[in-house]
Structures are given as structure tokens and as C-alpha cells.
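Heads up, the thing below is written out as C-alpha cells.
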Amino acid sequence: MTGPTELAKRFGTPSYVYDLERVAAARDDLFAALPDEIDLFYAAKANPHPELLRELRSGGTRACRAEISSVGELDAVLQAGFRGEEILYTGPGKTAEELAEAMSLGVRLFSVESPGDLRRVGAVACGLDVTADCLVRVNNATGAAATSIRMTGVPSQFGFDSETLPGLAAELRDVPGTRVAGLHFFPLSNAKDEASLIAEFRHTVATAAALQDALGVPFRLLDIGGGFAAPYAVQGGRPVYGELREALAATLDEHFPGWRGGAPRVACESGRYLVADSGTLLTSVVNVKDSRGQRYLVLDAGINTFGGMSGLGRIMPVSVEPHESVAADGAPASLAGPLCTPGDLLGRNVPLPDLAPGELLTVPNAGSYGPTASLLMFLGRPAPAEVVVRGDDLVSVSRIQHIRTYEHGQAL
């Protein structure tokens with residue numbers, strides 16, 4: 001049996017349960033929503049678990065490629081079977097050492113954020129006698145989906161400001177060891193609705209066409225980003241986009257007439273849409289406490305287990321449900337974790353029945369930004385178990401270990 005109660009009894013809490021059938025369904029739904037000619041990069045930061053990575057790569061002709069931002073993620077995707085030529089390396093702080101490792105392992109495609117970033121990529125490539133294909137990431141000055149979470153249009157460490165790119169054309173084309181392969185956009189996250197998503201893609205494609213003319217470089221690859229929505233730690237289902245495929249194809253036909261034949265290849269990218277609804281967090285009530293009119297449920301899962309990008313300094317709107325039948329409505333409670341810090345809160349005034357220590361709670365849609373996006377090492381508590389199932393079949397159980405290595409006797 002692979003139900004929450006059985007898994008919690010067998011492997012303890014806190015623990016994550018990931019269902020590979022849900023990962024495959026999300027992958028297939030997203031590919032079905034996109035034109036057949038479009039590639040799809042999986043942003044490994046959403047969840048770099050090797051079983052999920054392998055599942056996303058196993059779609060045959062509609063398999064995901066990998067987008068990474070560190071050598072740790074590089075190691076994970078290579079172990080999951082991705083080849084160097086299937087990987088896009090991104091990020092604003094790529095060091096020469098990281099670039100050398102990536103290139104030595106076959107990675108040739110990099111997103112670059114600035115002239116200095118491009119020159120660093122080129123210098124490493126020249127040292128290894130290879131050529132790096134570079135996507136110029138664009139921080140677009142404008143956008144279309146004003147109601148969604150915007151990722152561009154403000155001062156940022158990410159991307160070239162779009163208004164400066166035409167004046168940099170000659171400099172970008174003349175960096176030894178590199179060639180400009182195209183552009184990389186990531187204008188928004190978690191689009192409010194399909195209309196917002198389509199509007200943003202239309203704006204991105206039109207901007208890309210204008211920049212291709214200004215740069216004087218025929219693009220071989222155009223990454224138009226993502227923005228695909230998915231509920232995160234709350235109830236709800238993934239949207240299935242019914243109009244995107246036709247609308248995106250029409251926009252590309254208008255601005256890049258050769259795209260269906262690969263001039264340029266077009267790619268999208270996604271993280272949490274592909275994995276969020278595959279995951280459930282299991283956590284147990286450790287203690288119930290009342291303090292000055294406020295009830296606290298102290299759980300064995302806190303921001304070290306499910307921090308939801310803890311550094312953002314915000315409390316997520318987490319939904320929890322008791323797994324077993326319990327008493328009727330109780331007082332709203334704040335959900336506290338086990339850490340010795342007042343910041344260890346997963347939610348405030350969450351409506352719940354009366355609960356007692358030992359009872360099991362579940363957090364839905366927790367397959368993305370879980371352990372590796374949390375304060376995993378804070379206070380040295382053990383990492384949660386990560387249980388992978390495929391429907392009713394148990395696939396694997398693992399746990400991240402904290403290991404400190406020493407080099408004794410070395411001069412600093």
C-alpha cells in the first residue's frame with residue numbers, strides 16, 4: 001500500500017511523496033498545449049530529485065531537456081541520463097570554474113546575463129578550445145501580462161536591458177570562444193490565466209523579432225520562457241491550456257516564418273507546472289499550544305522542510321488537511337515548525353478541526369520547491385524522507401544527508 005497513512009507509518013514524518021504518474025501527466029499535458037516543433041526545458045531548481053528528472057526525460061520524442069544553474073544541478077541531470085547537448089546552463093553568477101566543469105562534460109549552451117558574463121564564457125571556451133553557443137537573456141522593458149508575477153522590466157541582475165541591446169550588437173558578436181545563438185526570455189511566473197500567458201508570449205515573440213533585426217544575427221534558438229501556472233501548497237489542479245497551441249503557432253508564423261523548419265528552433269521552459277501536483281508533504285502534529293488567544297499547531301515540518309524559497313521572507317498560503325476523520329470544526333491555528341526561531345511558521349490562522357498530537361496532516365501540490373528550496377541544514381535536523389511512487393507501486397525512498405568534509409593540515 002502507498003497511501004499516506006501507510007507511508008507515514010513506514011517511513012516516518014515529515015516526508016514527501018512524489019507520484020511519477022502525475023509527473024508524466026503534467027509533461028504530456030504541457031507538450032500537448034505547445035506546437036509540436038517546440039522544445040521544453042525543465043528547470044531543475046523546481047525539484048532535482050533523480051527519479052523525477054528521469055521521468056521528465058523519458059517522454060520519447062516529446063521529452064524534456066534540462067535547464068540548470070549550478071554544477072550540483074549539472075551532476076544531478078547527468079546522473080539522470082541527460083546528455084551535455086540537452087542542457088542549458090543559466091544564472092547570473094557563473095564562475096570560470098563552474099563553466100570549465102560544464103564545458104568539459106559536454107555542455108555547450110549557455111544563457112548570458114551581461115557583457116562580462118559573455119566574456120567569461122568565451123574565455124573559458126577558448127581555454128578548452130571549444131565554442132559556446134550563447135543565448136542573450138533579455139530584461140524586457142515592457143510586458144503584456146500586468147496581473148501576473150513579473151520577472152522583467154525593473155533593474156535586475158538578470159538579463160540585458162532590452163533598450164541597450166541594439167547598441168551592443170557589435171560587441172556581442174565579437175567575443176572569442178562564443179557565438180550568439182539567440183535570445184532567452186523569462187518575463188513572468190505563474191500567469192494568472194491563459195489569456196495573460198498568450199498575451200505575454202505574443203509580446204515576447206514580437207520583441208524577439210525586432211531584436212533579431214537590431215542585432216543582425218539570425219537566431220538558431222529562441223527560448224521564450226514560461227509562466228505556466230500551478231497551485232503551490234494549496235488545493236487545486238493544474239490548468240490545461242486549450243488555446244495556447246494555436247495562438248503561439250500563429251504568432252511565430254507571423255514573426256519567424258521559418259520556425260517550423262527550425263529557423264530558429266523555439267523552446268519554452270517550466271519548473272513547478274511539471275512537478276508541483278506530483279508531490280504531497282506528510283507531517284505530524286507534535287504539540288498543540290494556546291497562547292494569549294492564539295492556537296498553535298507545532299508540526300514536525302517547518303521551514304527547514306518546506307520553506308518555499310525561505311529567503312523571500314514571506315509566509316505561504318499553505319493548505320493542510322487531516323488525513324483521518326477528526327472532530328468537527330475547531331479554532332483557527334497557526335502552523336509552527338519545530339525550529340527554535342519565531343520565523344518558523346508555515347501559516348497563520350489556518351482553519352482546521354481540533355487536532356491532537358500524533359495526527360497526520362497532508363500538504364497538497366508540494367512537488368516543487370520542497371527540500372532543496374528550504375533551510376535544510378538550519379539547526380541540523382534530519383532532512384525529510386522523499387518517497388517516490390508510481391500509482392500504487394513504491395519506486396524508491398531516499399533522504400538527503402548533511403556531510404561535512406575536512407582537509408586536515410592544509411595551509412590556508
Scope the range 389-399; condition assigned to a loop (DSSP other than H, G, I, E, B) and in contact with a helix residue (DSSP H, G or I) (Cβ under 6 Å, 6 or more places away or on another chain); matching residues: 391
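To keep it simple, each residue is scored yes or no on (1) in contact with a helix residue (DSSP H, G or I) (Cβ under 6 Å, 6 or more places away or on another chain); (2) open to solvent by 10 Å² or more (accessible area, probe 1.4 Å).
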{"site": "261", "(1), (2)": "no, yes"}
{"site": "272", "(1), (2)": "yes, yes"}
{"site": "278", "(1), (2)": "yes, no"}
{"site": "290", "(1), (2)": "no, yes"}
{"site": "293", "(1), (2)": "no, yes"}
{"site": "297", "(1), (2)": "no, no"}
Take residue 32 and tell me if it is farther than 20 Å from residue 243 by Cβ and hydrophobic (A, V, I, L, M, F, W, C). no
Can you find even one residue in the range 90-97 that is modelled with pLDDT of 95 or more and touching a Phe, Trp or Tyr at 6+ places or on another chain (Cβ under 6 Å)? no
Quick one: in the range 323-343, of everything that is over 17 Å from residue 293 (Cα atoms) and among the small types (Gly, Ala, Ser), which residue is modelled with the highest pLDDT? 337
Of all residues in the range 213-227, count the ones that are in contact (Cβ under 8 Å) with a residue 12 or more places away in the chain and open to solvent by 40 Å² or more (accessible area, probe 1.4 Å). 4
Check the range 167-179 and report whether any residue there is surrounded by fewer than 19 Cβ atoms within 10 Å (Cβ to Cβ), assigned to a strand (DSSP E or B), of a type outside the set (S, T, N, Q) and at pLDDT 95 or above. yes
Matching strands (runs of 3 or more DSSP E) fully within the range 38-141 where at least 1 residues are of a type in the set (Ser, Thr, Tyr) and either within 30 Å of residue 252 (Cα to Cα) or in contact with a helix residue (DSSP H, G or I) (Cβ under 8 Å, 6 or more places away or on another chain) (or both): 39-43, 87-89, 109-112
Mind listing just one residue for me: the one in the range 228-257 that is under 24 Å from the mean Cα position of the chain (by Cα) and in a helix (DSSP H, G or I) and, of those, surrounded by the fewest Cβ atoms within 10 Å (Cβ to Cβ)? 245
Just need a number here: residues in the range 365-381 that are open to solvent by 20 Å² or more (accessible area, probe 1.4 Å) and touching a strand residue (DSSP E or B) at 6+ places or on another chain (Cβ under 7 Å). 0
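The values are calculated or read from the model by the stated rules, or taken from the named source; none is laboratory data. As the structure is a prediction and not an experimental result, all values here were calculated from the model. A quick note on method: Cβ atoms are made from the backbone with ideal geometry, for glycine too, and the neighbour counts reach across all protein chains shown. Each accessible area value is taken on the protein alone, full model and side chains, heavy atoms only, with ligands, DNA and RNA left out. Shrake-Rupley method; radii C 1.70, N 1.55, O 1.52, S 1.80 Å.
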